[in-house]
1. So for Leu163, Leu334, Leu210, fewest C-beta neighbours within 10 Å to most, what's the order?
2. If you take the charge dipole of the chain about its Cα centre, with +1 on Lys and Arg Cβ and -1 on Asp and Glu Cβ, which of Gly535, Gly552, Gly514 is farthest toward its positive end?
3. Based on the alpha-carbon set only, what is the convex hull volume of segment 487-599 divided per residue, in Å³?
4. I'd like the FRET efficiency for Asp473 and Ala560, computed as 1/(1 + (r/R0)^6) with the beta carbon distance as r and R0 of 25 Å, rounded to 0.05.
5. For a 23 Å ceiling on Cα separation, which of these pairs sit above it: Lys59/Lys94; Lys158/Lys203; Lys59/Lys254; Lys190/Lys522; Lys192/Lys504?
6. Between Gln121 and Trp506, what FRET efficiency follows from the Cβ-Cβ distance if R0 is 25 Å, with the result rounded to 0.05?
7. What residues have an amide H closer than 5 Å to that of Gly108, excluding those fewer than 5 places away on the same chain, when H is modeled at 1.01 Å from N in the peptide plane?
8. Under 20 Å from a label point 7 Å along Cα→Cβ of Ser214: give me every residue in segment 111-127 with its amide N that close.
Amino acid sequence: MTDLNPAVAAVTARIVERSKPSRDRYLALVAAARDRGSERGNLACGNLAHGFAAAGEDKPAIRAGNAMNIGIVTAYNDMLSAHQPYGGYPDRMKLWAREVGATAQVAGATPAMCDGVTQGQPGMELSLFSRDTIALSTAVALSHGMFESAALLGICDKIVPGLLIGALRFGHLPMILVPAGPMPSGLANKEKQRIRQLYAEGKVGRAELLESESASYHGAGTCTFYGTANSNQMMMEVMGLHMPGAAFVNPGTKLRQAVTRAAVHRLAAIGWDGDDYRPLGRCVDEKAIVNACVGLLATGGSTNHAIHIPAIARAAGIVIDWEDLDRLSAAVPLIARVYPNGSGDVNHFQAAGGMAWVIATLLDAGMLHRDIMTVAGRDLRDYAADPVLAEDGEALAWRPAPDAPLDQAMLRPVADPFLPDGGMRLVRGNLGRGTMKTSAVDPARWTIEAPARIFSDQDQVLAAFKAGELERDVVVVVRFQGPRANGMPELHKLTPPLGVLQDKGWRVALVTDGRMSGASGKVPAAIHVSPEALGGGPLARLRDGDVVRVSGDDGTLDVAVSAEEWAARVPAPPPPAPLGTGRELFAFMRHGADDAEKGGSAMLAAMEEVA
């Protein structure tokens, strides 16, 4: 077995030591739940009768209590393309459960918000807190005590983190994440990006833009760019929470159906009544969390996970911070280029070797923890394989990863990477701490020092751009976008106009306490800045014309103002609290949210107070 990379080992040890008190409390919770035995067996007759009243032909088996009952937690809706395929999953999963002497019931549903629909709209201000809502919905679904394991059906941005956070509070149950796969490739990503920039410049109209977008997002399945949704799927693979190779098999194929069937069969095999018990709370340990970080960095994944990984970890009693990510980024090379970090999408990535090759090469280089408890196989090495159907088109098997990537424009070996580091930097200074994703940015633009222009929302930025007020070297600051201010929306619609300014030769950067997601592109950006502006964070003291330095080279985020003047400045007042589109219903989540570096969650902050 290859020795673990020293930097990966050191960060893991740092996390283990820091997390020991909270992790011990969490494992005690898992053990206590396990010691209580099957909760279904402890239900009163009236409780149990309610639970199987509508179970049809599964009713006798659930009533007898001799078969594992699999709870299905589904994030199905048919507006969200990635989740539309889930509509037919429960009925098929019940059939597959019966094949191995088990039963299955839909335990409950969760919301499934599409950030692609809400980008730049008022609904985006509910997006981050939809994660906590999904976690709460998952807990409600599993609270009935009717299940000995669970299948978690979710893919997209806040949905997988939310499912995991909720499910980890039932960590004594074995669980498997069940994806549905990406849609087939549509319009080339570079062409889509070109049309967006032309629209931002007023050179094409809405009809041409809509035609381009419709050719990109054209059918059932996950969007094919490497944003948060597909980064989620990568993480589930390197954490060992999928069936091996499940991430990027297209929906509606026989192979996708076979992999999902295998997940149901596997859930029946890893319950506590057998000799291969694999509870979720033991699968998600410090090593699995580090693997998620390494996978994120090695593949150039979404910056949203700088918020989601700490939140998932906290639900399992594990404490990580951006310093951990920064140290790993310095050691982990970038070995994948998937749009927006490259030209090809996740289907091209899969064809080039995909997750099987990524896991194999990172294990061989000592970058991943092999010795984790996965939901399938002996250890993570079993995930260095692709699912395939036998010649009869029915039997499922796994073939080893290719010896080398099949397209070196998509994948590179660790010894010859695209970049020597993972390209997700911690930037810090007198403006706070933030995340900077450098992997998609020209290294010549990693450091920007220019006068600031201050805004309180992204529509103000667009208005200034259209008026020609940003035609200069500028650091665009968009503040009051943090969790407590307005729910920390993504500011993705700023990418085209800032890209236009950069293409004109100006030195441009973005600084914000909001998010930019995995769709952030070629413009340097310091995002998630904490403390956020609301409540007197440093961004609230900035003024137009202050010279701001943002550097991914030396990790600085500073303003050139004397300490005396800085201390004397009165923080700017925040804009009015957001109302409409249901935003006022989430006021309690905004008011209680903690810093982005901790996950930006009111729910987890409150949980730790009572844990």
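1. Details: Leu163 29, Leu334 23, Leu210 12.
Result, fewest neighbours first: Leu210, Leu334, Leu163.
2. Sorting the options by dipole projection puts first Gly535.
3. It is 144 Å³ per residue.
4. Working: r = 14 Å, r/R0 = 0.57.
Rounded to the nearest 0.05, the efficiency is 0.95.
5. Result: Lys158/Lys203; Lys59/Lys254 exceed 23 Å.
6. After rounding to 0.05, the efficiency reads 0.35.
7. Under 5 Å from the amide H of Gly108 lie the amide H atoms of Ile72, Thr74, each far enough along the sequence or on another chain.
8. Within reach of a label on Ser214: 116-119.
Only the coordinates and a few stated rules stand behind these numbers; no lab work does. Being a predicted model, the structure only gives us computed values, none of them experimental. With ideal geometry, Cβ positions are generated from the backbone for all residues, glycine too; neighbour counts draw on all protein chains shown.
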